[in-house]
Each structure stands twice: as structure tokens, then as C-alpha cells.
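See structure below.
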Amino acid sequence: MSDITYGKLIRDGFWNNNQALVALLGLCPLLAVTNTAINGLGLGIATTVVFVLSNITVSLIRNIVRNEIRLPVFVLVIASFVTAVELSMNAWFFELYKILGIFIPLIVTNCAIIGRAEAFASKNNVIKSTVDGLAMGIGFTLVLVALGAAREFVGMGTLFTQAHLMFGEAARGLTFSMGEDFKGALLAILPPGAFIGLGLMLALKNNVDHRADERAKLATPEKEAETAA
Amino acid sequence: MQFPTITSPHTSRPNSVQKAMLWVILALIPGTLAMIWFFGWGILINMVLAITTAIACEALVMKLRGREIKPVIMDLSAILTAMLFAVAVPPLLPWWLTVLGVAFAILLVKQAYGGLGYNVFNPAMAAYVLLLISYPVQMTSWLPPMMLNENPMGLLQTLNVIFGGALPGSLTWDAVTMATPLDTMRTGLSLNQTVSEISSNPILGQFGGKGWEVVAGLYLLGGGFMLYKKAISWHIPVSTLGGLAVMALLFNILDGDAYPLSSFHIFSGAAMLGAFFIATDPVSAPGTRKGQIYYGAGIGILVYIIRTWGGYPDAIAFSVLLMNMAAPTIEFFTRPRTFGHRGSGND
């Protein structure tokens with residue numbers, strides 16, 4: 001598998017094979033915690049850390065683990081890292097830890113992570129697996145933050161509330177608000193808002209891809225015509 | 001001698017979407033006029049605003065999809081959606097909520113699924129629920145009916161309230177609005193009053209609420225007209241009202257002080273409108289006759305459950321949306337027997 005370039009890995013993680021928008025994996029945390037941008041960012045970073053660490057470990061042990069028991073081993077590896085992340089958040093970001101609650105331990109069940117371990121890290125070397133984990137994690141985080149920001153804005157007219165939970169007191173200034181008079185649609189923060197928001201994001205992504213395809217199609221015949229002439 | 005061979009179908013039906021929608025719209029008009037009579041200009045203003053928004057949204061989508069605009073608007077389905085939405089929301093709803101609701105109904109609930117015939121949910125009711133959950137205060141600010149209204153507002157004053165949010169003179173929202181009959185019954189029951197005590201409240205009339213029962217009666221009349229014109233079949237409205245009435249009857253027999261009569265439930269709120277005009281939406285309801293009966297009964301029972309024990313005074317919108325979700329399953333289990341085959345269509 002030497003034909004995989006780092007550029008392709010990054011493009012896949014961010015766009016072409018984005019775990020949230022294309023693979024539609026890890027929807028449970030994606031839909032449940034994205035009621036504010038900061039919640040999305042917090043869970044996204046935690047997931048990214050687990051992505052990278054589990055990809056590295058799985059890649060390191062890929063030649064030692066027998067094929068028959070690889071899945072339980074992968075799950076164990078992922079669970080260990082999730083526990084470590086959970087304890088760290090409990091220690092350093094306690095408020096955020098309380099808000100995200102059950103969804104931090106639930107990263108274990110995020111099928112995107114075991115999906116990458118199985119599909120990529122168990123077949124590739126350590127460096128490539130690291131890049132893949134990082135790209136996939138950041139791609140996932142971007143979707144979480146975008147969806148969280150959109151829902152937070154439509155629902156409450158604010159952006160980055162509780163930023164201080166993550167970046168300390170200095171970050172309070174990051175919070176943007178439309179003011180008290182803003183009449184947000186509460187539905188956006190409730191679960192249906194997550195589904196509607198994700199649906200719109202998927203539609204947007206597919207539309208962008210579709211337009212790119214159309215442009216590519218338009219471009220190729222011209223080139224052919226040129227060479228023919 | 002040889003007879004000419006004519007292939008089936010042997011009769012043509014001079015029916016079209018446009019015609020069916022037109023019958024429904026015509027049937028809706030008497031009830032709507034009564035609403036305007038009892039609750040003021042707001043209903044009419046909301047309706048004009050809703051229809052304008054609906055047409056604009058349909059035109060926008062058709063333009064985006066590169067299709068012809070006129071035939072889609074002329075099928076009248078968007079206009080019917082807008083009308084149903086307008087008679088369901090309170091008369092003094094701020095204009096931007098009407099626009100938001102109708103835009104949501106047409107753009108997301110209807111057109112994002114592929115347009116007329118493809119929408120899973122009833123667009124008008126989905127929009128109603130969106131607004132009810134997001135803006136509960138505005139969505140529950142109902143006016144008292146005309147005969148109890150001490151501060152009737154003229155056309156200009158109503159326009160000012162809807163578009164400017166300013167009540168005339170020194171009026172407050174508390175003075176202008178009044179609990180609906182269903183609210184009154186609900187509050188009274190929660191205070192341990194008996195049904196007969198609550199019925200002495202001036203807002204309650206013969207069956208349901210004053211004014212409301214007339215509107216419901218006219219919707220029933222419109223429903224009868226649609227049945228006569230075969231724009232709808234009897235299955236859904238009868239089973240919806242039947243489900244609601246049977247539930248109300250059972251509990252009323254059990255304890256007449258704590259559970260109002262069937263007639264109260266049928267003539268209050270949006271029950272009649274829902275049974276004849278909303279639940280009968282041919283797109284989001286099941287297609288099989290037997291399925292339609294289950295579907296309607298489900299709506300009626302859910303309405304009773306939510307009205308009596310749920311968090312909201314009325315429940316047509318929630319019940320219709322819930323049963324919309326169940327419609328594909330209902331259809332699956334009620335497939336008619338194929339002619340010449342034994343057993344149900346599921347084999």
C-alpha cells in the first residue's frame with residue numbers, strides 16, 4: 001500500500017471520506033453533544049486524541065496480533081485510551097467533563113475509530129496511521145464544531161458560550177451573542193435540530209461535490225477536443 | 001361479427017391533483033370564514049401571508065431544480081398547506097413566525113423530500129410543531145372568540161400587531177389573549193374542579209368552546225362536502241373521531257367528573273379540522289383502506305392521551321406526525337390480498 005500519499009490521507013479525512021459526513025459513523029455522539037460549538041469541540045478533541053493513539057498502537061501491534069482475535073484486541077486498545085482521556089478530562093476540564101458526561105466513555109463505541117483501526121491502521125505503518133488518525137479526527141471535529149455552532153446560533157443566538165470551560169477565563173471574550181432579544185428556534189438545540197442540521201450539512205457537501213464533478217466533466221471534453229484539433 | 005376490443009381502463013377519471021386540492025380548499029372555506037368572524041382579521045392576514053410565502057418558496061425550489069414553476073403552483077397543494085397552517089396558528093402570530101413556519105413546511109418538509117407525493121410528514125403540521133416547540137408563548141396566545149372579546153381590534157390595529165408587534169393603546173398581552181377551551185378544561189381539572197363546574201365557565205359553550213364549536217361544525221360540514229365529492233374517503237375521519245370519542249366515552253363512564261364528554265373532545269381544539277383536513281392528507285397517510293382505519297384510530301387515541309395526560313392542551317399535530325411515522329409499517333401489515341392468491345399480501 002505504498003501508493004497512499006499523505007496528501008490523499010489528509011484529503012480523505014477532511015472531505016472525501018470524512019467519518020461524519022461520508023461514512024456517517026459516530027452519529028450518536030455527533031448528534032447528542034453538538035448543541036453548542038464548545039461541546040462539539042471538546043468531544044471532537046477527545047475523539048481525535050483517541051483516534052491518533054489507537055491508530056498508532058494498532059499499527060505497532062498489527063504484525064503480532066492474530067487475525068482471529070484482532071477485533072477484541074482493537075476494542076481493548078481503544079477502551080484503554082478512552083479511559084485515559086476520560087480521567088484526564090476529569091482532572092483538567094471538570095466542567096466540560098460534566099457537560100459531556102456519558103459521551104466521553106461512549107467514544108469507545110464510536111465505530112469510526114474501530115473502523116479506521118480495522119480498515120487502515122492494521123494494514124499500514126505507524127507514520128501513515130498517525131497521519132490518518134489525525135486527519136480523520138480533525139475532520140470529525142470540524143463537523144462537530146460546525147454543527148454545534150450552527151445549532152447554538154440558531155437556537156440561542158450565541159456562539160462559543162462556555163468557552164472558558166476549555167480555554168480558561170481569558171476566553172470569555174470569545175463568546176459572541178446576538179443579545180437578549182434574539183428569539184432563537186429552540187428546536188435547533190433539541191434532538192430534531194441535530195438531525196435537521198446534519199441533513200442540511202450532508203446536502204451541502206453533496207451539492208459541492210456534485211458541482212465539482214460537473215465542472216470536471218465540462219473541463220475534460222474541452223481538453224479532448226483541443227487534443228483532437 | 002367481431003366486437004371491438006377495448007383495453008382497460010374502460011373509464012377515464014376526470015380527476016387531477018388540482019381538482020382534488022380545489023375541493024379540499026373549497027370545503028375549508030366555511031370554517032375559515034367562521035374563524036375570521038370569531039377571531040378577527042388576524043386569521044385572514046396570516047392566511048394571505050402564508051399563501052404568499054408558500055408560493056414564493058415553491059417558485060424558488062422549482063427555479064433551483066430547473067423546472068417549470070407554474071404547474072407546480074397551480075396544483076394548489078402548497079396553497080392548501082399554507083391555508084391549513086394559517087387556520088391552525090393563533091391569529092396574532094408575529095409575521096416572521098408565519099413566514100418561518102411556512103418556509104420550513106415547503107422547503108424542508110415537502111420539497112427536500114422530493115415535493116408533492118414524496119413527503120413523509122404532513123408539512124403544515126410539521127411546521128406547527130416546529131413553532132410550538134420553539135416559540136411556545138407566541139404559539140399559545142389565542143384570542144377569545146368575538147362574543148367574549150372586550151377589546152376587538154380593527155384591520156389596521158391587527159396589522160400593526162402582526163407586523164410591528166405593538167398592541168394598540170394601553171393593552172397588554174394578558175388582557176388581549178385568553179385561554180382556549182381546552183386550556184380552561186385542563187387547568188380546571190388540574191385544580192381538582194369537576195367537569196360540570198368547569199362547564200359553567202363563560203368560554204365553554206354547548207359542546208366545546210363558544211365560537212370554537214361553530215367552527216368545528218362548519219369543518220364537519222366541509223368534511224361532508226368532501227366525502228360527497230369523493231375528495232376523501234370516510235375511513236380516516238371516521239376512525240380518527242371514533243378513536244377519540246371511544247377513548248373519551250370509556251373514561252367519561254369511569255369518572256364523569258374528571259373526564260369530559262366525547263362531544264367536548266370532538267368539538268374542541270383542532271379535532272374536526274384534523275380529522276377531515278389534516279389526517280386525510282393522501283401523501284403522508286397509508287394507502288390501504290384497512291391501514292387508514294388503524295391510522296385514524298391511532299391519531300384519535302393519541303390525541304386523547306396527549307390531551308388528557310400529556311404536556312400540551314391539544315395534540316392533533318403531534319398525533320398526526322407520530323402516525324405519519326407509522327404509516328409505512330401500517331401499510332406493510334395491511335397489504336390487501338392479491339386476487340387469486342390465498343392469505344395476505346405479505347406471504
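The values are calculated or read from the model by the stated rules, or taken from the named source; none is laboratory data. Quantities reported herein were computed from a predicted structural model and do not represent experimental measurements. FYI the Cβ positions are ideal-geometry reconstructions off the backbone, even for glycines, and counts take in every protein chain you see. For accessibility, only protein heavy atoms count, side chains too; no ligands or nucleic acids. Shrake-Rupley method; radii C 1.70, N 1.55, O 1.52, S 1.80 Å.
Worth a mention:
The rows are residues; the columns are (1) within 14 Å of another protein chain (Cβ to nearest Cβ); (2) under 21 Å from the mean Cα position of the chain (by Cα); (3) part of a loop (DSSP other than H, G, I, E, B).
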| residue | (1), (2), (3) |
| --- | --- |
| B:LEU84 | no, yes, no |
| B:LEU100 | yes, yes, no |
| B:ALA103 | yes, yes, no |
| B:LEU108 | yes, yes, no |
| B:GLY117 | no, yes, yes |
| B:TYR128 | yes, yes, no |
| B:LEU131 | yes, yes, no |
| B:MET147 | no, no, no |
| B:MET153 | no, no, yes |
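- Any chance A:THR83 is among the polar types (S, T, N, Q) and more than 27 Å from A:ARG151 (Cβ to Cβ): yes
- Checking B:ALA112 against (1) within 26 Å of B:ALA275 (Cβ to Cβ); (2) within 13 Å of another protein chain (Cβ to nearest Cβ); (3) open to solvent by 30 Å² or more (accessible area, probe 1.4 Å); (4) small (Gly, Ala, Ser), the condition it does not meet: (1)
- Given (1) of a type outside the set (D, E, K, R); (2) loosely packed, with under 14 Cβ neighbours inside 10 Å; (3) assigned to a helix (DSSP H, G or I), index of the condition A:PHE51 fails: (2)
- Residues being open to solvent by 70 Å² or more (accessible area, probe 1.4 Å), under 28 Å from B:ALA166 (Cβ atoms) and among the aliphatic types (A, V, I, L, M) - total across region B:33-74: 2
- Selection over region A:142-173 of residues that are buried (at least 16 other Cβ atoms within 10 Å of the Cβ) and either basic (Lys, Arg) or away from chain B (no Cβ under 12 Å) (or both) gives a count of 22.
- B:ASN324 meets the conditions (1) open to solvent by 20 Å² or more (accessible area, probe 1.4 Å); (2) out of contact with any Gly (no Cβ under 8 Å at 6 or more places or on another chain) in every case but one. The failed one is (1).
- Some residue of region B:62-80 being touching a helix residue (DSSP H, G or I) at 6+ places or on another chain (Cβ under 6 Å), in contact (Cβ under 8 Å) with a residue 12 or more places away in the chain and within 23 Å of A:ALA188 (Cβ to Cβ): no
- Elements of type helices (runs of 4 or more DSSP H) contained in region B:251-347, each with 2 or more residues being in contact with a strand residue (DSSP E or B) (Cβ under 9 Å, 6 or more places away or on another chain): B:262-267
- Among residues of region A:202-226 being more than 14 Å from chain B (Cβ to nearest Cβ) and open to solvent by less than 50 Å² (accessible area, probe 1.4 Å), the one that is modelled with the lowest pLDDT is A:ALA219.
So that you can scan it fast, the table gives a plain yes or no per residue for (1) open to solvent by less than 60 Å² (accessible area, probe 1.4 Å); (2) closer than 16 Å to B:THR308 by Cβ:
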{"residue": "B:GLY164", "(1), (2)": "yes, no"}
{"residue": "B:LEU167", "(1), (2)": "yes, no"}
{"residue": "B:THR172", "(1), (2)": "no, no"}
{"residue": "B:PRO181", "(1), (2)": "yes, yes"}
{"residue": "B:THR187", "(1), (2)": "no, yes"}
{"residue": "B:VAL195", "(1), (2)": "yes, yes"}
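- For region A:150-171, the criterion of being part of a helix (DSSP H, G or I) and among the aromatic types (Phe, Trp, Tyr) is met by at least one residue.
- Cβ pairs under 7 Å, 6+ apart, first in region A:45-63 and more than 29 Å from A:GLY148 (Cα to Cα), second open to solvent by less than 50 Å² (accessible area, probe 1.4 Å) and not in a helix (DSSP H, G or I): A:SER59/A:ASN124
- The residues listed here are A:GLY184, A:GLY193, A:GLY199; of these, the one that is open to solvent by 30 Å² or more (accessible area, probe 1.4 Å), within 14 Å of chain B (Cβ to nearest Cβ), within 21 Å of B:VAL129 (Cα to Cα) and not in a strand (DSSP E or B) is A:GLY199.
- Qualifying residues in region A:22-44 (those that are surrounded by fewer than 24 Cβ atoms within 10 Å (Cβ to Cβ) and of a type in the set (A, V, I, L, M)) - the one nearest to A:LEU202 (Cα to Cα): A:VAL22
- Top-ranked residue of region A:179-189 - restricted to ones that are touching a helix residue (DSSP H, G or I) at 6+ places or on another chain (Cβ under 8 Å) and not aromatic (Phe, Trp, Tyr), ranked as modelled with the lowest pLDDT: A:GLY184
- When region A:61-82 is filtered for residues that are in a helix (DSSP H, G or I) and surrounded by 15 or more Cβ atoms within 10 Å (Cβ to Cβ), the ones remaining, listed by number, are A:ARG70, A:VAL73, A:PHE74, A:VAL75, A:VAL77, A:ILE78, A:ALA79, A:SER80, A:PHE81, A:VAL82.
- Filter pass, A:GLY139 being crowded, with 19+ Cβ neighbours inside 10 Å, within 14 Å of chain B (Cβ to nearest Cβ) and at pLDDT 80 or above: no
- A:VAL58 within 16 Å of A:VAL82 (Cβ to Cβ), over 15 Å from the mean Cα position of the chain (by Cα) and not in a loop (DSSP other than H, G, I, E, B): yes
- Boolean, B:SER196 is small (Gly, Ala, Ser) and free of Cβ contacts under 8 Å to residues at least 60 places away in the same chain: no
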